[in-house]
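Step one of this worksheet: look at the structure below.
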Amino acid sequence: MNRESFSTAFRKSRVVLALLTIFIFAAGSISAAPARAAQEAMDANSKVHIYHVQGNVYMLIEPTNNITVEIGDQYVIVVDTGVEALADDVISAIKSLSNLPIMFVVNTGPDEDHIGGNTKLSQAGWALPNAGNTGANPEAGLEVATKARLAAGASITGYTDNIVRTTAGKMASNAVTYGDEGFTLSNKEPVLFYHLRAAHTDGDSVVFFRRSDVISVGELFSPDSYPVIETDKGGTLNGLIDAVNDIIVMMVPQLNEEGGTYAIPGHGHLCDRNDVVNYRDMLTIIRGRVQDMVRKGMKLDQVKAAKPSFDYDPLYGASTGPWSPDKFIETVYHEVAKDKVQQGKN
């Protein structure tokens with residue numbers, strides 16, 4: 001074949017390939033259209049919107065909160081339940097994703113806006129027989145439970161002290177709790193539960209869906225606000241920084257610190273490792289600034305006036321609500337000042 005014939009054949013093959021590509025793309029779009037239309041219709045009629053993160057994991061987005069849903073091969077895991085008023089919408093959203101039963105309702109912390117839907121979501125699910133004692137392996141009874149038709153009531157799951165605090169005796173017999181050792185499940189992928197000490201509170205957990213490469217972090221991290229450190233429930237800034245560092249260790253970026261492992265925060269947009277690193281850096285820098293001011297003998301009013309968070313306030317500072325930058329700095333100051341006094345006694 002001469003050069004001219006080869007060039008003509010090559011041009012023709014490119015045209016055929018282009019037409020074939022257009023046809024495949026169009027066919028794929030047509031086949032996907034009904035699913036997209038159904039999803040858009042559901043979103044339009046609901047206050048809870050669904051976003052597929054990756055793998056088996058979805059993020060349900062309420063007006064102010066995020067809920068994590070994992071669709072396994074045997075059952076559904078729900079991490080945090082949002083506010084009570086939207087529990088029915090959350091249940092409808094989950095049913096639109098899968099006909100499998102909700103079997104574990106996980107609480108990452110004690111905050112009411114994360115556990116408000118506990119009762120309704122538990123009642124909408126199924127329970128594993130005799131799974132309610134600490135340290136039990138709930139999957140041991142799965143086959144028997146399935147054959148016997150599972151009882152009503154998904155297990156409320158979380159760190160022991162947190163579950164005791166939030167349930168106040170309710171559903172105690174239907175709870176799956178764990179201590180510092182954490183907890184594991186296999187539901188189409190390994191699901192790992194970690195307790196992170198003295199962070200936002202003393203009962204915080206994260207849930208790592210290992211194959212999907214998604215971590216649900218609750219109140220330990222939020223991309224658009226300073227952390228609410230509940231000192232009356234054992235929360236500390238130092239523990240929170242340690243917890244965020246632990247989360248960063250679990251996250252692996254795909255390219256240039258983007259993509260890869262995703263973190264679903266309790267509030268705000270879906271985050272990758274870079275978002276979490278920036279948040280950790282912010283906490284560490286502000287703590288260092290306040291430490292320097294305390295070493296210089298500055299009092300709380302002087303520290304507030306100096307605005308050690310001024311360059312981060314546009315991103316993380318709330319202009320309304322009870323948790324202002326001043327409140328955050330006040331919490332940091334008291335912890336740093338306490339640490340200084342303790343160091344002086346040593």
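Rounded to whole Hz and in sequence order, give me ³J(HN,Hα) for segment 225-230 from the Karplus expression 6.51 cos²θ - 1.76 cosθ + 1.60, θ = phi - 60°, writing x for Gly and Pro.
So the Karplus estimates, Gly and Pro as x, are 7, 5, x, 8, 9, 8 Hz.
For every other residue with a beta carbon closer than 11 angstrom to the beta carbon of M250, add +1 if it is Lys or Arg and -1 if Asp or Glu, then tell me the sum.
Working: positive: R210, R273; negative: D213, D246.
Net charge around M250: 0.
If neighbour count is taken as other Cβ atoms inside 10 Å, put H52, H269 in order from fewest to most.
If I rank by nearby Cβ atoms, fewest first, I get H52, H269.
Cross-link candidates for K299: which aspartates and glutamates have Cα within less than 12 Å, leaving aside residues fewer than 8 places away along the same chain?
E330
Show the residues, 5+ positions off or on another chain, whose built amide H is closer than 5 Å to the amide H of A154.
Result for A154 returns Q123, A124, G125, W126.
Distance cut-off 27 Å, Cα to Cα: go down the list K307/K340; K47/K327; K304/K338; K233/K296 and report the pairs above it.
Where the Cα-Cα span goes over 27 Å, the pairs concerned are K47/K327; K233/K296.
Can you work out the FRET efficiency for the pair D224 and V164, with r the C-beta to C-beta distance and R0 = 22 Å, to the nearest 0.05?
Values: r = 31 Å, r/R0 = 1.42.
E(calc), rounded to 0.05, equals 0.10.
Would you kindly state how much longer the chain becomes between W323 and R210 on full extension, computed as 0.36 nm times their sequence separation minus their alpha carbon distance, in nm to one decimal?
37.3 nm
List, in order, the whole-Hz ³J(HN,Hα) value for each residue of segment 64-80 obtained from phi through the Karplus relation with A = 6.51, B = -1.76, C = 1.60 and θ = phi - 60°; use x for Gly and Pro.
Each residue of segment 64-80 in turn: 10, 10, 10, 10, 9, 10, 10, 9, x, 8, 10, 7, 10, 10, 10, 9, 6 Hz.
Here, each number is a calculation from the coordinates, and none is a lab measurement. Model, not experiment: these values are computed from the prediction. Glycine also receives a Cβ, built like all others from the backbone with ideal geometry; neighbour counts cover every protein chain displayed.
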